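Asker: My questions will all concern the structure given below.
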Amino acid sequence: MTSTFIGHDLGTLRPVPQVATWAPTGHPGLPEELPEPGVLGTHDGFHYTVDPATPRWLRAHHPESLIPEPGLDIPLGPAPLPLTGIRGGVFTPNSRVLLIAADPNAVFCFDLLHVPGQPRPVGVCTGARLLPEVPGRATGLVLRPWWHGGEYTPLHVLTAHGGAHGLAVPEPIEL
């Protein structure tokens with residue numbers, strides 16, 4: 001399976017300007033508060049976070065006690081853009097993690113690959129893109145089904161001013 005970004009011009013990951021507000025679809029809306037920096041969510045039954053300043057590992061925590069599980073931490077490989085200022089991210093159904101950075105706004109895609117003989121997957125960066133067209137400081141990412149003007153925009157960048165900016169993704173089935 002190819003990556004969301006591999007084999008595509010990163011310019012095809014484009015904002016859809018008309019999706020600047022969060023329209024209700026029966027799914028949860030914008031959070032009442034900004035997401036806590038570095039919180040990613042659950043993958044393979046464990047809760048994961050990332051250090052916003054030095055995001056070289058996805059840190060595993062027990063889902064109920066939140067006690068660190070260092071044996072299940074996932075290392076992240078090099079990225080084509082500076083991997084700093086990570087605000088958060090989201091795991092996708094196809095074993096990828098998308099990370100969002102602020103100052104400057106950028107999105108990163110890491111495929112979580114299982115290497116023979118390794119007890120945990122390794123995060124291999126398969127693409128990154130600056131997002132200068134998204135106004136304000138990025139604070140998080142959300143995956144949610146959304147159609148606008150005949151275009152599927154499943155990836156939304158949350159910003160500090162409370163906006164959600166939809167991104168059309170090449171081959172969204174691969175998310």
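The values are calculated or read from the model by the stated rules, or taken from the named source; none is laboratory data. On a predicted model such as this, the values are computed, not experimentally measured, just so you know. Every residue, glycine among them, receives a Cβ derived from its backbone with ideal geometry; neighbour counts consider all protein chains shown.
Asker: Does Val50 satisfy being buried (at least 16 other Cβ atoms within 10 Å of the Cβ) and in contact (Cβ under 8 Å) with a residue 12 or more places away in the chain?
Answerer: yes
Asker: From (1) assigned to a helix (DSSP H, G or I); (2) in contact with a helix residue (DSSP H, G or I) (Cβ under 9 Å, 6 or more places away or on another chain), pick out the condition that doesn't hold for Gly71.
Answerer: With (1) assigned to a helix (DSSP H, G or I); (2) in contact with a helix residue (DSSP H, G or I) (Cβ under 9 Å, 6 or more places away or on another chain) applied to Gly71, the lone miss is (2).
Asker: Okay, moving on. Can you pull out the strands (runs of 3 or more DSSP E) entirely within region 94-175 that have at least 3 residues that are modelled with pLDDT of 80 or more and surrounded by 18 or more Cβ atoms within 10 Å (Cβ to Cβ)?
Answerer: Once the strands (runs of 3 or more DSSP E) in region 94-175 are filtered for at least 3 residues that are modelled with pLDDT of 80 or more and surrounded by 18 or more Cβ atoms within 10 Å (Cβ to Cβ), what remains is 96-101, 106-113, 122-130, 138-143.
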